[in-house]
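Have a look at the structure below before the remarks.
The values are calculated or read from the model by the stated rules, or taken from the named source; none is laboratory data. Please read these numbers as outputs of a predicted model, since none were measured by experiment. Positions of Cβ are generated from backbone atoms using ideal geometry, with glycine treated the same way; all protein chains shown enter the neighbour counts. These area figures cover heavy atoms from the full protein model, side chains too; ligands, DNA and RNA do not enter into them. Shrake-Rupley method; radii C 1.70, N 1.55, O 1.52, S 1.80 Å.
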Amino acid sequence: MEDSSGATTARCQALFDGCQEAIAILTSEGGVLDVNQAGLDLFGYERKEIIGMNAAPVLFSSPDDLHRLQSGMERCGSVKDYAMQFRRKDGQPIDCLVSASGWQDEDRLRCYMAVIRDVTIQKEMEQSLRSLLRMSETLNLASDLDSLLDALVEQLLELTGAESGSAGLRTSEGMSCGHFFQGSRIVPLTYHSAPGVGWAGWLIKHKIHYLTNDAAHDPVIVPDVRERLGVRSGIAVPIVDSEKDVIAFFEVYNKRGGVGFTHTDVDHCLAAAHIASLAIHNRLLYQNLSALAAFSRSLTVTKDFDQTLEVVGHHMEANFKRRAVILLPFNDGLTPRFSSAEFVFDEQERAAATWSWEHGQDAGRSTDILSAAQAHYLPLKARGQVIGVLGLEVKPGTWLSNVQRELFSAVINQSALAIERGLLEQKVRRLRFLEESDKVQNAVLSAISHDVGAPLAAITASLSGLLTSHGALDQAAQRQLLGTADIEARRLHRLVNNLLSMTRLETGVLTVKTEPHDLLDLVCAALEELGESAGQRRVSFDIPEDLPLIPMDIGLITHVFINLFSNALKYSPPDQPVEVRGRIIDDQLEVLVVDGGIGVVPEDLGRVFDKFYRVADVGSSNGLGLGLAICKAFIEAHDGRIALENNPMGGTIVRFVIPFHEAATSWENLKL
C-alpha cells in the first residue's frame, strides 16, 4: 500500500513539474509551499530559493494583488483569470492571468494552488496595436505633410521606446530630412541624402529596413546625425507605395534603458511604415488634386491662346522642374509656340518632335526612338487626335513618385484639352471674322445700292433741275432745290463717315487725341454738321455755364453727337424736341441725349449697340446700323461707357459718361 501511495505521489509530482504552465502552491498567508519548473523559469528562482519565502513582498509587484487574490479565494473558493502583475528575481515585471483553487479545513482556507499564465507579450502586442491605431488616426488628421511627418516621429518614439528619431520625404535627387525630434524637443537639423548615402540613401537602393545596435562603428550612418543626436543604436525603415517604390523614410535612435533594438521593434516599425505610406499617399493625392484644380482654374481664366500655352509651359517649369517646348502644326510641319528660356530646339529635336506628332507616340530622350535628342517628346491628344507635341527636358537621375506621375498624366490631358479649346476658339474667331466680312460687304453693297444711291439720286435730280431750268425757276424754287441737294449731301457725308470710321476701327488705324474742350461747342458743331435737318427742329440744352473744359478727342465726340442727334431726329416726330443735358458727377462727365420718339422694344435694348443691327418696325428709316456701334467704340476709347434706355415719358435716353481726368487711352479700347 505504501509502495502504491509512493508511486502515485511520484507520478503527481512528475505531472506537476512537467506542466507547461507555471503552478505555485501557497499557504493562506502567502507562503510558498511549492513551484513547478515552469514557475521557476517564469520567476527566475531556484527551487531552494523560493520554497518557504513569503510571496507578498517578493513575487507580487503590489501587496494589494495578493490580498485581492486571497479575498477572492476565501469568498468563492476559486478564482479565474485574475489580472495581476508579478516580479521576477531580476526585478522585471510580468503581466499575468491567475486561476486558483483552494483547500479548506473546517471552513478555513488552508492553502491553494494557482495556475499563472504569462500574458506580458500579449499585453505588449495589445498596447502596440493601440499605438498603431492611434498613429493611423493622428497621421490621417494631419493638415499637411510637414505636420504629418512630425506626428509620425512623435508616435514612433512612443511605439518603440526610442529616445529620438527623424523622418523625411523622397525628392527627385534623393532623401530630404528636416523632421528631427529628441523626446518632445525639435532638433534644428536638415540634411539631404543622395541614393546610397547615409541610412536614408541606403534605403532607396535596398528598399528594406536597416538595423544596428553599434552605431559608433556603423559605416553607413551620416556622421553629423550620429554626433548631434548621440546615436548608439537605430532602425531606419523605408516607406513604400503600392508600386513598391520608396517615397519616404523614418529613423529611430537609442532605445530607452540603454538596451538595443529588437526584431519586435523592427516589426512595429514596419507596421508603422505601412500606416505612414497610406497617410502620405492620401496627403500627396490631396495636394496633387488641389494643384490640378488650380491648374485648371488658371487655364480657364486665360484671355487668349498664347497665354494658355504660357500657363502650360510655366506649370511644367514650376511644378515638375523641367524646361518645356510646345509645338503646334503650321504649314505641314511643327512650329514652337512656347519655349522655356535656354531650351535649345535644333534639327535633332525637331526630328524627334515630328516623329512623335506623326506616329502619336513618345520619342526622344528616355525612349527607343531618336533617343539622342535632349528632350522627351509626348504627343498631345484630344478626342483621339494628335493636336500638338510637348517636349520636356530630361534630367539624369531624376525621380517622380507614382502620385506625381499620375498628376503629370492628368496635367498633360488637361493641357491637351485646353490647347484644343484654344485652337477651336481661333477657328470660331476666324469664322466670325469671315461672317463679319460678309456683313461689311453686304452693308457696303446695300449702302451703294440704296443708302448711298438715294442721296446721290436726290442730289443729281436737284442739280439737273437747276441746270435745265434755263432761268425758268424763281429764286424760291432754286433755293428749295439747293437745300435738298445740301441735305442729301450731308446725309451722304454721314453715311460715308460711318463706313470710314468702321473701317478704321476694324483695321486699328484710329487713335485718340484728347485735349480740353467745351462740351457745348462740340454739341453745336454736331448740330451744324447736320444742317437744315437739325435747324428745323427744337433742340434744348441743360449744360451749366461753369462746366469745366473736358479732355476729349474733338473729332470722335463730335461724331458721337452727330450719330446720336441723327437717330433722335430720325426716330421722333417733327414736333418733339431733343434735349441735351451735361453735368459732372463723381469726377465724370455725364451726358444725356433725350428724345420723344417711338422708343425701343425691350427685347432690342441689349442689341442696339451691335454692328449692323437695326431696330425692327421703324418704317422707312434708312441707315447701315453702325451709328450706335461707333458711338460705343468712341466712348469706350475715352475709358467711358454708354447705355440706352426707354424714356418713361416716351422716346429714348442715351446716357454716356467719360472720366473728367485726362484719359489714358490706347488702341486696345477702340475695338467694336
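Non-local amide H neighbours of ASP553 (under 5 Å, H modeled in plane, Pro and chain starts lacking H): which ones?
Amide H to amide H, under 5 Å and 5 or more residues apart or across chains, ASP553 pairs with GLU515.
Along the Cα-to-Cβ line of ARG430, 7 Å from the Cα, sits a label point; which residues in segment 307-338 have backbone N less than 16 Å from it?
So the set is 328-335.
Output ³J(HN,Hα) for segment 274-279: one whole-Hz value per residue in order, computed from phi by the Karplus curve 6.51 cos²θ - 1.76 cosθ + 1.60 with θ = phi - 60°, and x for Gly and Pro.
Couplings: 5, 4, 5, 4, 5, 5 Hz.
Name the residues whose placed amide hydrogens come within less than 5 Å of the amide hydrogen of ARG232, ignoring near sequence neighbours (fewer than 5 apart) on the same chain.
Result for ARG232 returns ASN254.
Using 0.36 nm per residue, how much length does the chain from TYR613 to ALA461 gain when fully extended, once their Cα-Cα distance is taken away?
Contour length minus the Cα-Cα distance gives 51.6 nm.
Residue by residue through segment 235-241, which ³J(HN,Hα) values in whole Hz follow from phi under the Karplus form 6.51 cos²θ - 1.76 cosθ + 1.60 (θ = phi - 60°), with glycine and proline marked x?
10, 10, 10, x, 9, 10, 8
Whose amide H sits under 5 Å from the amide H of ARG583, counting only residues 5 or more places off or on another chain, with H placed in the peptide plane?
GLU590
For the chain, what does -39500 (n - 2.57) per DSSP helix run (n ≥ 4), summed and divided by total residues, give at 222 nm, in deg cm²/dmol to the nearest 500?
Using -39500 (n - 2.57) per qualifying helix, the result is -15000 deg cm²/dmol.
Take peptides 160-168, 180-188, 340-348 and line them up by average Cβ neighbours within 10 Å, highest first, as a rough protection proxy.
Per-residue mean Cβ counts within 10 Å order the peptides as 160-168, 180-188, 340-348.
Nearest 20 debye, what's the magnitude of the dipole of the chain about its Cα centre given +1 on Lys and Arg Cβ and -1 on Asp and Glu Cβ?
The dipole magnitude comes to about 940 debye.
Given a Förster distance of 35 angstrom, what is the FRET efficiency for ASP17 paired with GLU158, based on the Cβ-Cβ distance and rounded to 0.05?
0.25
Considering only VAL325, ALA341, HIS315, whose Cα is most displaced toward the positive end of the charge dipole of segment 312-360, charges sitting on Cβ of Lys, Arg (+1) and Asp, Glu (-1)?
Looking along the dipole axis, the top candidate is HIS315.
Using only the Cα atoms, work out Rg/Rh for the chain, with Rh taken as the Kirkwood radius, to two decimals.
With Rh from the inverse mean 1/r over Cα pairs, Rg/Rh is 1.35.
Once R0 is set to 22 Å, what does the formula 1/(1 + (r/R0)^6) return for the Cβ-Cβ distance between THR9 and LYS48, expressed as a FRET efficiency to the nearest 0.05?
The formula returns an efficiency of 0.65 here.
In whole Å, how far is the Cα centre of segment 1-76 from that of segment 268-342?
Spelled out, the Cα-based centre of one part sits 73 Å from the other.
Using R₀ = 22 Å, calculate the FRET efficiency as 1/(1 + (r/R₀)^6) where r is the Cβ-Cβ separation of LEU482 and GLU528; round to 0.05.
Efficiency, from the Cβ-Cβ distance: 0.80.
Note down the nm distance, to one decimal, between modelled labels 7 Å out along Cα→Cβ at ARG226 and at GLU137.
My value for the distance between the label points is 4.0 nm.
Under a crude label model (7 Å from the Cα following the beta-carbon direction), how far is ILE369 from HIS314 in nanometres?
Once both label points are built, they end up 3.2 nm from each other.
Under 13 Å from the Cβ of GLY258, count the other residues' Cβ atoms, weight Lys and Arg +1, Asp and Glu -1, and hand me the total.
With Lys, Arg at +1 and Asp, Glu at -1, the neighbours total +2.
With θ set to phi - 60° and the Karplus curve 6.51 cos²θ - 1.76 cosθ + 1.60, what are the ³J(HN,Hα) couplings of segment 255-267 in order, to the nearest whole Hz, using x for Gly and Pro?
In residue order, the calculated couplings are 5, 4, x, x, 8, x, 6, 10, 5, 5, 4, 4, 4 Hz.
Quick check: net charge around SER339, other residues with Cβ under 14 Å of its Cβ, Lys/Arg +1 and Asp/Glu -1?
Around SER339, the surrounding residues sum to -3.
How big is the C-alpha Rg of segment 1-150 next to the rule-of-thumb value 2.2 N^0.38 Å, as a ratio? Can you show the working numbers first?
Values: Rg = 20.8 Å, N = 150, 2.2 N^0.38 = 14.8 Å.
Taking N as the residue count of segment 1-150, the ratio is 1.41.
Between CYS76 and ASN402, what is the label-point separation in nm under the 7 Å Cα-to-beta-carbon projection?
5.1 nm
Quick one: Cα centre-to-centre distance for segment 224-255 and segment 528-554, in angstrom?
85 Å
Tell me, what is the per residue accessible area of segment 17-59 in Å², probe radius 1.4 Å?
45 Å²
Any chance you could run the full-extension gain for GLN348 through PHE330? It's 0.36 nm times the residue separation minus the Cα-Cα distance, nm to one decimal.
Working: separation 18, 0.36 × 18 = 6.48 nm, distance 1.86 nm.
Stretched out fully, the GLN348 to PHE330 stretch lengthens by 4.6 nm.
In whole percent, and with a 1.4 Å probe on the protein chains, what portion of the accessible area of the chain is carbon and sulfur?
Whole-percent figure for carbon plus sulfur exposure: 53.
For the chain, with the dipole built from +1 on Lys and Arg beta-carbon atoms and -1 on Asp and Glu ones, taken about the Cα centre, which of ILE94, ALA457, THR264 lies farthest toward the positive end?
ALA457
Based on Cβ point charges of +1 for Lys and Arg and -1 for Asp and Glu, what charge dipole magnitude is obtained for segment 69-197 about its Cα centre, in debye rounded to the nearest 20?
On the way: 13 positive and 18 negative charges, 82 e Å.
So the dipole magnitude of segment 69-197 works out to roughly 400 debye.
Heavy atoms only, probe 1.4 angstrom, no DNA, RNA or ligands counted: give me PHE330, PHE261, PHE609 ranked by accessible area, highest first.
PHE330, PHE609, PHE261
Tell me the relative contact order for the chain as a rounded percent, counting alpha carbon contacts under 8 Å between residues six or more apart.
6 percent
Would you mind checking the pairs LYS513/LYS632; LYS244/LYS381; LYS427/LYS513; LYS205/LYS321; LYS123/LYS244 and listing those with alpha carbons more than 27 angstrom apart?
LYS244/LYS381; LYS427/LYS513; LYS123/LYS244
Count charges around ARG226 for me, please; just the other residues with Cβ under 13 Å from its Cβ, Lys/Arg as +1, Asp/Glu as -1.
Taking every Cβ under 13 Å from that of ARG226, the sum is -3.
Taking the dipole about the Cα centre of the chain, with the C-beta of Lys and Arg at +1 and of Asp and Glu at -1, give me whichever of ALA7, ILE387, ALA633 is farthest to the positive side.
Of ALA7, ILE387, ALA633, it is ILE387.
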